[in-house]
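Report on the following structure.
The values are calculated or read from the model by the stated rules, or taken from the named source; none is laboratory data. No experiment lies behind these values; they were computed from the predicted model shown. Cβ placement follows ideal geometry from the backbone for every residue including glycine, while neighbour counts extend to all protein chains displayed.
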Amino acid sequence: MASATTRNADWIKRWATDDGRHYVDEADRYDNLNGPGGNAMLDVADLQSGERVLDVGCGSGATTIEAARRVQPRGAAVGVDVSPPLLALARERAAAAGAGAAEFIEADAQVHPFGDGRFDVVISRHGLMYFDDPDAGFANLARALRSGGRLAFTAPQGLNRNEWIMAAGAAAAPHIGMPQGISPGAPGPLGLADPDRTTHILEGAGFTEVTLEDLTLPMRIGDNVEDALSFIRSIPFVRDLLAAAPAPKQNAAVDAVRTALAPYAGPDGVVTHNNGVWLVTARR
C-alpha cells in the first residue's frame, strides 16, 4: 500500500476515499476539463517508439493509455497513483482499449523506489502538486530518469487564473466560506502555482533546461447550468462546506453559484475560458 512508506498521509487518505471516488464518478468530465492541457503535455513530451514512460498521478489512466499508444511498438507506460479507486478504473479502461503496454501501480511517487534510470520520460497531467516535500519528490523522479531523460507535466496556476473555480467560489464564499487546503505552495491543487518556486525545485532536484509555458485553456464544466452546478456541489471540498453550513446559507450559496454560472452557458455547454495552466518541461 502507498500509505506504508509515505509522508503524504493526508492526501493519500483523501484520494483513497472521497476524492478518489468523486474523480471516478466524474472521470469523463475531468478528462474533458483537463484534456487540452494533457494533450499539450503529451505533445511536448515527444514520445518515441520503444521509450519507457512514467506517468505520475495517473488517475483514471487516460494519459498513461495514450502514452503507451505513442511509444509503440516495443515501448511501455507505467502509471503510478495513490488512489485505489482511480487505479481500478484505469486498469478497466486499459483492458477495454487493448492497451497491454500500460501498467498501473499503487505507490507514492515521492518515495517509491522506481529504480535508477529506468525511464526515458516522466509525464504528469495535474498530478505533481501534492508532494508534501516537493524537493524530495522531484529528486526521486530525477533518479528514475536516465541521463538525458525528459520531464513534461502540467499544473494549475493561481486562483485568479482558474476561472471555472473562481466563478463558483466567489459566488459561494460570502455564504459558506472558501475551502481549506488550496493555498498556493501548499500540497494540493495549487502546490506548483508559483513558477519561480517550481523552477527552483526542479533545478535543485537535478533538472536542467527548465521551461514553463503559460497556457490559457477553455474548460467545459457541464452540459448546462444545472449539470455544472451538480458537478461543483459533488466536489468533496464544496460538499463538506455546504454540509457544515445551516440550510439557509446552503440555499443562498447554491442560488448564487447558479446565477454566477449562467453567463458561461451557451450552445457548447457551460464553458470558462480564462483557465491558466503551466506546461513545464525539463531534462535530467
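Odds and ends about this structure:
- Which numbered condition Glu103 fails, given (1) under 26 Å from Arg284 (Cα atoms); (2) under 17 Å from the mean Cα position of the chain (by Cα); (3) not in a loop (DSSP other than H, G, I, E, B): (2)
- Any hit, the stretch 238-259, residues being of a type in the set (Val, Ile, Thr), out of contact with any Cys (no Cβ under 7 Å at 6 or more places or on another chain) and not in a helix (DSSP H, G or I): no
- Checked against (1) assigned to a helix (DSSP H, G or I); (2) under 20 Å from the mean Cα position of the chain (by Cα); (3) hydrophobic (A, V, I, L, M, F, W, C); (4) under 29 Å from Ala256 (Cα atoms), Leu202 passes all but condition (4).
- For the criterion of being part of a loop (DSSP other than H, G, I, E, B) and either under 13 Å from the mean Cα position of the chain (by Cα) or at pLDDT 95 or above (or both), Pro113 passes.
- Annotation note: of Leu33, Leu54, Leu86, the sole residue that is surrounded by fewer than 22 Cβ atoms within 10 Å (Cβ to Cβ), under 27 Å from Asp10 (Cα atoms) and of a type in the set (A, V, I, L, M) is Leu33.
- Options Asp214, Asp196: the member that is within 19 Å of Leu151 (Cα to Cα) and free of Cβ contacts under 8 Å to residues at least 24 places away in the same chain: Asp196
- Restricting the stretch 260-284 to residues that are assigned to a helix (DSSP H, G or I) and in contact (Cβ under 8 Å) with a residue 60 or more places away in the chain, the residue that is surrounded by the fewest Cβ atoms within 10 Å (Cβ to Cβ) is Ala260.
- The stretch 57-74, subset on the phi < 0 side of the Ramachandran plot and assigned to a loop (DSSP other than H, G, I, E, B), residue surrounded by the fewest Cβ atoms within 10 Å (Cβ to Cβ): Pro73
- For Phe138: the one exception among (1) buried (at least 22 other Cβ atoms within 10 Å of the Cβ); (2) part of a strand (DSSP E or B): (2)
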